[in-house]
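Undergrad: Can you keep this structure in mind? I'll have questions shortly.
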């Protein structure tokens, strides 16, 4: 999970918008239920903010919850068999 979240091609902060893989939308309930103290994706991302390879100010933004979530298009080429 650490490698995935820190990959800026898949997940990154752009101003006050956290742009993340659409996998988080497709499996939202799995991430939201991953911990009994998490009720939504913003809380999930705040809990794992240190894994995003962000500056201290950007981590504070995630922890504040004052950001929007935007889902990136999925790269279906990842599923190709070589």
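The values are calculated or read from the model by the stated rules, or taken from the named source; none is laboratory data. Note that the coordinates shown come from a computational prediction; the quantities given were computed from them, not determined experimentally. As a convention, Cβ positions derive from the backbone with ideal geometry for all residues, glycine included, and neighbour counts pool all protein chains shown.
Undergrad: Please work out which one of (1) more than 11 Å from the chain's Cα centre (by Cα); (2) surrounded by 12 or more Cβ atoms within 10 Å (Cβ to Cβ) is the condition residue 12 fails and give its number.
TA: Here residue 12 meets the rest and fails (1).
Undergrad: Can you tell which of 13, 54, 18 is assigned to a loop (DSSP other than H, G, I, E, B) and modelled with pLDDT of 90 or more? Step through it out loud before you land on a result.
TA: Numbers: 13 fails: assigned to a loop (DSSP other than H, G, I, E, B); 18 fails: assigned to a loop (DSSP other than H, G, I, E, B).
When all the criteria are applied, what remains is 54.
Undergrad: Count, please, the residues in segment 25-46 that happen to be assigned to a loop (DSSP other than H, G, I, E, B) and buried (at least 17 other Cβ atoms within 10 Å of the Cβ). Show your work before the answer.
TA: As a first pass, look at segment 25-46 and keep what is assigned to a loop (DSSP other than H, G, I, E, B): 27, 33-40.
With the extra rule that they be buried (at least 17 other Cβ atoms within 10 Å of the Cβ), the set shrinks to 38.
Of the residues in that region, 1 qualify.
Undergrad: Identify the single condition in (1) loosely packed, with under 15 Cβ neighbours inside 10 Å; (2) in contact (Cβ under 8 Å) with a residue 40 or more places away in the chain; (3) over 20 Å from residue 2 (Cα atoms) that residue 22 does not satisfy, given that it satisfies every other one.
TA: (3)
Undergrad: Shifting gears a bit: Which members of segment 57-79 meet the condition of being free of Cβ contacts under 8 Å to residues at least 24 places away in the same chain and either within 10 Å of the chain's Cα centre (by Cα) or part of a loop (DSSP other than H, G, I, E, B) (or both)?
TA: First pass over segment 57-79, keeping only residues free of Cβ contacts under 8 Å to residues at least 24 places away in the same chain: 57, 59-60, 63-65, 75-79.
Within segment 57-79, 65, 75 meet the criteria.
Undergrad: I would also like to ask the following. Among the listed residues 36, 32, which satisfies the condition of being out of contact with any helix residue (DSSP H, G or I) (no Cβ under 9 Å at 6 or more places or on another chain) and free of Cβ contacts under 8 Å to residues at least 40 places away in the same chain? Explain how you work it out, then say what you get.
TA: Numbers: 32 fails: out of contact with any helix residue (DSSP H, G or I) (no Cβ under 9 Å at 6 or more places or on another chain).
Being out of contact with any helix residue (DSSP H, G or I) (no Cβ under 9 Å at 6 or more places or on another chain) and free of Cβ contacts under 8 Å to residues at least 40 places away in the same chain holds for just one of 36, 32, which is 36.
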